[in-house]
Amino acid sequence: MALGTINIKHSIYMTFRFNFLMLISVLAGINQKCIGRSFGDSLNYISLDKIDIGGHLGNKIDWCIQNRIVEQSVDELIEPFNYKNETRWWQTEFWGKWITSAISAYQYQPTVALKEKIDLAVKKLLQTQMPDGYIGNYADAAHLQQWDIWGRKYVLLGLLSYFDLTKDKNTLQAARKLADHLMTEIGPLKKNIVETGNFRGMPSSSILEPMVLLYNRTGDRKYLDFATYIVDQWETPRGPQLISKALNDIPVAQRFPMPKSWWSWDNGSKAYEMMSCYEGLLELYRVTKEPSYLKAVENSVKNILLTEINIAGSGSSFECWYHGAARQTLPTYHTMETCVTVTWMKLCLSLLQTTGDPLYADAIEQSAYNALLSSITPDASSFSKYSPMEGIRSLGEDQCGMNINCCTANGPRGMMLIPKFAVQSSSDGVYINLFANLHSRVSVNDHVSVRIEQSTNYPVTASTEIKITPDTEASFTVYIRIPSWSKLTTVKVNEIIVEQVIPGQYLPITRKWRRGDHIVVNFDMRGRLADSEFHAAVLRGPIVLARDSRFHDGYVDEVGLVMNQDGFVDLLPVPTQPEGMWMSYSTKMRKGTNLEINDGDETILLCDYSSAGNTWTADSRYKVWLPYPVNMMKNPFKD
């Protein structure tokens, strides 16, 4: 009875608050000045056509564009929208995921053919919009159920991305009609958004992100008020309490009891959807500057980094948080969903843009080189659904009666984040986050154009040379990301050593830059040993290494002690390696548990995790975490 009283009072309050805000909006006028996305940000994206990435990573991006994004059938994505009879599936997300990646691909590598395909995809989608504004495939009686609002979210994101590209007013108007229709179904005295769909309303309420973006592009206050309404509902007894639980530092895997049914409304640990909500909250913070919003996002992200993200830069099991960092040595079903990897990278990139904290840049590098690259097929035509730390790589199932699944659709979005991450600008200079063969042009101080040319085979090699070429002599700062794993980094500017190079921070280099100036960075590429629950893993730079059965150097599962000195492992490049491997190294292991018959340390071979298993057959069984013998003389259990 008391709970019901609380809910009724809250409903009355929310109705008053929502209607009051709407009244203020009308009085203020809906055409108020738009607040742009970059308001108050520390870092800004540069135009994607001003950057070109080469080398191994750049090739993967290029192949993803050509073999995945360009090859996607538009008609297949549009087909579900032609039928309004769905009651449970998520077909309509695929269009939004594809078109946002396609637009980024077009901005990065503009071609007439891709632009025509994007135009066609939007034209055909808008032909399915109902007179009341609805774009989707759910039956009228099933609106707001299951993944209906989730699908509308991705449609709205896609339409707004297309508007940003073309400034087409008809597309923006269609987006407004879509949002307006949702607001006739959701809100005070209507259906509560956190009680719709699945996973405590997180998939549905992740529409927060495009609602804020729609406000930014229209200046119409009602969309901002609706965004605030969504966040208010999070903190109701039925909501996911994404702010209060974050501010109280409750781990993301412990926020709600174990659900009776995993795939249900009761499960509050769904990783992808939770992070999607925090993406929206960060967009709302940019507009409102409400400090608790940013604090909630940062607390949650840091908790995810501490308790969930494994050494490959991703997490989740059965798509939910599960204290995965501490349990990553365990063979686990359905771990590291690619949708989780992509959303984690996207959330970290947004936080990097907002705060300028290199912690998030390090996290993106870790994910990109390991979890993301390991999920992509050799020709980049598809993506795995899950990427275990051991076993055999495989593609996920087709979903919703279509020749696609959520991760195949989402993977390209992750690949197209990399150019956005590579080089960014700020009010006083240039930030270099990615070390790769790349060329970019950045505007600094609002008037100086600077060409950045980077020559390297990183992370195969330890050094990179960065040429800084302003169109005219100018004073500004170049910020070099010093990865937290690189404990001994040297930096020279025009052969002069730079002091105070600190791991895990940006190194600011301020000077009057002239043509011919260059920076040389040498990273600490010593092999490193990670230890967890009587297992060891080997890393080199940002790269996780793994055993692979193609080496024929013993059983990938065998017990052995990787030889190391104070946690550092000697790694020697392998001159010849199986076809399709990017990099491989040899090191020493003391195999087995019988010290008396041990004939000495044996050589084992390791390759980068993204190459491990990349035949996608049993021919390349792989393993990251290598079990080692327990030595009771060293009191390993600390009893």
Compute the convex hull volume of the Cα atoms of region 373-417, divide it by the residue count, and report the result per residue in Å³ as a whole number. 76 Å³
Pop out the ³J(HN,Hα) list for region 500-507 in order, Karplus 6.51 cos²θ - 1.76 cosθ + 1.60 with θ = phi - 60°, rounded to Hz; leave Gly and Pro as x. 6, 8, 10, x, x, 10, 7, 9
Roll a 1.4 Å probe over the protein chains and send me the accessible area per residue for region 214-310 in Å². 32 Å²
With a 10 Å radius around each residue's Cβ, average the other Cβ atoms per peptide and rank 292-300, 390-398, highest first. 292-300, 390-398
Shape descriptors of region 281-331 over alpha-carbon atoms, Rg and Dmax in angstrom, are 13.8, 44
Filtered chymotrypsin sites (Phe, Trp or Tyr not before Pro), region 166-266: DSSP coil and at most 14 other beta carbons within 10 Å: Trp262, Trp263
Given the -39500 (n - 2.57) contribution per DSSP H run of 4+ residues, what per-residue ellipticity at 222 nm results for the chain, rounded to the nearest 500 deg cm²/dmol? -11000 deg cm²/dmol
Using a 1.4 Å probe over the heavy atoms of the protein chains, calculate the carbon and sulfur portion of the accessible area of the chain as a whole percent. 53 percent
Can you work out the base-10 log of I(q)/I(0) for region 142-234 at q = 0.10, 0.12, 0.13, 0.21 1/Å, using the Debye formula on its C-alpha atoms alone? -0.23, -0.33, -0.39, -0.99
For region 449-561, what is the accessible area per residue in Å², given a 1.4 Å probe and the full set of protein chains? 43 Å²
Just name one of Ser586, Pro80, Phe534: the one whose Cα is farthest towards the positive end of the charge dipole of the chain (beta-carbon charges, Lys/Arg +1, Asp/Glu -1). Pro80
Distant-in-sequence amide H partners of Trp582 (H built 1.01 Å from N, under 5 Å): Asp608, Ser611
With only alpha-carbon pairs counted, each pair once and no self-pairs, how large is the Kirkwood hydrodynamic radius of the chain in angstroms? 25.9 Å
Here the convex hull volume per residue of region 213-281, taken over Cα atoms and given in Å³, is 100 Å³
Extension gain from Met402 to Thr593, taking 0.36 nm per residue of separation minus the Cα-Cα distance: 63.7 nm
For region 521-575 and region 413-470, what is the centre-to-centre distance using only Cα atoms, to the nearest Å? 30 Å
Sparsely packed GluC sites (Glu not before Pro) within region 68-116, loop by DSSP, other Cβ within 10 Å at most 14: Glu71
Evaluate the Debye formula for region 187-309 with equal point scatterers sitting on the alpha carbons, no solvent, and hand back log10 of I(q)/I(0) at q = 0.10, 0.13, 0.21 Å⁻¹, in q order, two decimals. -0.28, -0.48, -1.21
Mind computing the radius of gyration and Dmax over the alpha-carbon atoms of region 532-639? Å is fine for both. 14.3, 48
What does the charge add up to near Val444, with Lys and Arg as +1, Asp and Glu as -1, over the other residues with Cβ less than 11 Å from its Cβ? -2
Measure nothing but the geometry: give the 0 to 90° angle between the long axis through the Cα atoms of 406-415 and the longest principal axis through the Cα atoms of the chain, rounded to 10°. 70 degrees
When all Cα-Cα pair distances of region 422-484 are considered, the percent exceeding 13 Å is 60 percent
Region 128-172-region 357-395 distance, computed between alpha-carbon centres (Å): 30 Å
A chain fully extended from Lys638 to Lys492 at 0.36 nm per residue, minus the present Cα-Cα distance, gains in nm 48.0 nm
Could you work out how far helix 291-307 tilts from the main Cα principal axis of the chain, as a 0 to 90 degree angle to the nearest 10? 40 degrees
Among Ala326, Thr355, Thr343, whose Cα projects farthest towards the positive end of the dipole of region 284-360, with charges put on the beta-carbon of Lys, Arg (+1) and Asp, Glu (-1)? Thr355
Helix 93-108: inclination vs the chain longest Cα principal axis, degrees, rounded to 10, gives 60 degrees
Please sort 572-581, 443-452 by packing, taking for each peptide the average over its residues of neighbouring beta carbons within 10 angstrom, highest first. 443-452, 572-581
Can you compute 3J(HN,Hα) from phi for each residue in region 159-169, using the Karplus curve 6.51 cos²θ - 1.76 cosθ + 1.60 with θ = phi - 60°, rounded to whole Hz and x for Gly and Pro? 5, 5, 5, 5, 4, 4, 6, 10, 6, 6, 5
Do any chymotrypsin sites (Phe, Trp or Tyr not before Pro) in region 335-389 lie in a loop, going by DSSP, with at most 16 other beta-carbon atoms within 10 Å of their beta carbon, and if so which? none
List the residues, sorted by chain then number, that are 5 or more residues from Gly560 or on another chain and whose placed amide H is less than 5 Å from its amide H. Gly592, Tyr628
Taking 8 Å as the Cα distance limit and 6 or more residues as the minimum spacing, I'd like the relative contact order of the chain as a percentage. 12 percent
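The values are calculated or read from the model by the stated rules, or taken from the named source; none is laboratory data. All values derive from a computational prediction rather than experimental measurement. Cβ: placed from backbone, ideal geometry, glycine included. Neighbour counts: every protein chain shown. These area figures cover heavy atoms from the full protein model, side chains too; ligands, DNA and RNA do not enter into them. Shrake-Rupley method; radii C 1.70, N 1.55, O 1.52, S 1.80 Å.
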